[in-house]
Amino acid sequence: MFLEKETKILSSKEELVKFLKDQIKVENKIVESLNKSLPEIGNPTVKGVLKGVSLDSVKHAEMYSSAVMLMTTVSKALTQENLDKQTDLVEKHIQMEAELIQKIGKTLPTVKDKKVKLLLEAILSDEIRHHALLKSVLEILVKGETITEADWWDMLWKDVPFHGAPGG
């Protein structure tokens, strides 16, 4: 249904931004459709999985929106204080995800119920992806947009011969 058109290479920034904005609309339609249907679902497992898909679609719409912002605006550099807060938050959640992965990984082999095992395997898979994503966020997004005090000094002095030392 959503893949009716042939996939093509997005050759311009405008085409990619349009693609991202279209994907936001698709994700929002998924959320709307699922949320409309969820009250009618009696099976708690099916309802839980569909609610999870709906929440993932909300997340995806936010991520597409972030990508649009990255492509269409100039991001403001973070202060060292803001970087520290974001770094602490992301590192805290990396640790929390690691603990969840370990706990679920130890529990899974003991679960005999196929339905519960299916759900725990899906959760574990999500947690592993979250963990990897958070590590990437820490390295690429948070640190990549930061200008530290050392960076400011480097920008001020990098083109100055002898960096203010005698002989300059």
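On inspection, Leu83 fails the criterion of being in a helix (DSSP H, G or I), surrounded by 11 or more Cβ atoms within 10 Å (Cβ to Cβ), modelled with pLDDT of 90 or more and on the phi < 0 side of the Ramachandran plot. A search for C-beta distances below 7 Å between a residue of the stretch 112-126 that is in contact (Cβ under 8 Å) with a residue 40 or more places away in the chain and any residue that is β-branched (Val, Ile, Thr) and in a helix (DSSP H, G or I), counting only pairs 6+ apart in sequence or on different chains, returns Lys115/Thr45; Leu119/Thr45.
The values are calculated or read from the model by the stated rules, or taken from the named source; none is laboratory data. Computed from a prediction, not measured in an experiment: that's the story for all the values here. All Cβ positions, even for glycine, are placed from backbone atoms using ideal geometry, and neighbour counts span all protein chains on display.
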